[in-house]
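Quick notes on the structure that follows.
The values are calculated or read from the model by the stated rules, or taken from the named source; none is laboratory data. Being a predicted model, the structure only gives us computed values, none of them experimental. Every residue, glycine among them, receives a Cβ derived from its backbone with ideal geometry; neighbour counts consider all protein chains shown.
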Amino acid sequence: MKERAIRLRKLRRFLSRLRELLNQKTIDRDKLLKKVGAAEKEAGRFARLLDVTIPAVDEPINEETFYWRLNRPKYRRMRSRDGRYLLRSNQTGSDPSELWTQYMILTEVEEAFRNLKGDLAIRPIYHQLEHRVDAHIFVAFLSYCLHVTLRQLARTHAPGLTPRSILEQMKAIQMIDVHIPTTDGRELKMSRHTKPDKAQQLLLSQLKLQLPPQPPPEISAGNLRSVVKTF
């Protein structure tokens with residue numbers, strides 16, 4: 001689990017630092033206190049899992065005066081809470097499930113703001129016309145809806161992928177509309193997109209998505225002659 005891996009990494013680094021301090025022959029007690037404090041700060045709350053004994057003022061620094069041991073009761077309590085969250089609230093008499101639902105809504109709102117500033121790169125734009133303000137809000141809302149849809153597709157069909165990684169792969173696919181005027185005043189319109197590579201094709205198949213078809217334009221013999229005359 002993530003919490004267990006972080007705890008073990010912090011503890012190993014803290015223990016390694018304590019051993020380094022014990023092997024330093026020229027260190028005095030004052031420097032030892034400062035360096036132990038810095039090591040505890042780096043270890044964070046996991047430093048409480050070790051009971052470190054510091055030598056007294058007149059004692060030498062050796063294995064008998066400077067040592068540490070694991071606080072097993074604290075370690076067991078911390079390990080039993082791995083993967084669990086404790087929420088504190090000032091609301092009394094509320095159903096715990098309702099409080100959890102409100103908390104999850106809060107996290108989703110915060111994630112929405114992060115996505116707007118991160119993946120979607122939407123920044124404030126100061127408009128002077130009201131209809132442009134409405135259009136900007138609509139584009140931001142539509143972008144977020146598409147982002148959420150893409151995230152749900154990834155969770156269902158391609159676990160492990162994020163919307164950002166999907167967008168990075170798919171942004172190389174370009175789509176254009178080709179407009180060809182004819183001599184008789186009409187216009188031929190052809191929608192085309194670049195061919196996806198193997199990685200993009202695999203991603204599309206995982207997400208159960210298909211690019212729009214590229215049917216040939218409806219060109220009659222007369223239109224074809226007019227197009228040729230144009231060029």
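Data for the structure
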read-out: Count of region 163-197 residues which are assigned to a loop (DSSP other than H, G, I, E, B) and of a type in the set (S, T, N, Q); value: 4
read-out: Extreme residue, surrounded by the most Cβ atoms within 10 Å (Cβ to Cβ), among residues of region 1-16 that are touching a residue at least 24 places away in the same chain (Cβ under 8 Å) and under 28 Å from E59 (Cα atoms); value: F14
read-out: Selection from region 145-197 of residues that are under 17 Å from Q210 (Cβ atoms) and acidic (D, E); value: D197
read-out: Qualifying residue in region 107-120 (condition: among the polar types (S, T, N, Q), modelled with pLDDT under 80 and not in a strand (DSSP E or B)); value: yes
read-out: Among the candidates P163, P159, residue that is within 21 Å of Q201 (Cβ to Cβ), at pLDDT below 80 and surrounded by 14 or more Cβ atoms within 10 Å (Cβ to Cβ); value: P163
read-out: So S165, is it in contact with a strand residue (DSSP E or B) (Cβ under 8 Å, 6 or more places away or on another chain), without any contact (Cβ under 8 Å) to a residue 40 or more places away in the chain and small (G, A, S); value: no
read-out: Subset of region 29-55 that is more than 27 Å from A5 (Cα to Cα) and in contact with a helix residue (DSSP H, G or I) (Cβ under 8 Å, 6 or more places away or on another chain) - its residue that is surrounded by the fewest Cβ atoms within 10 Å (Cβ to Cβ); value: I54
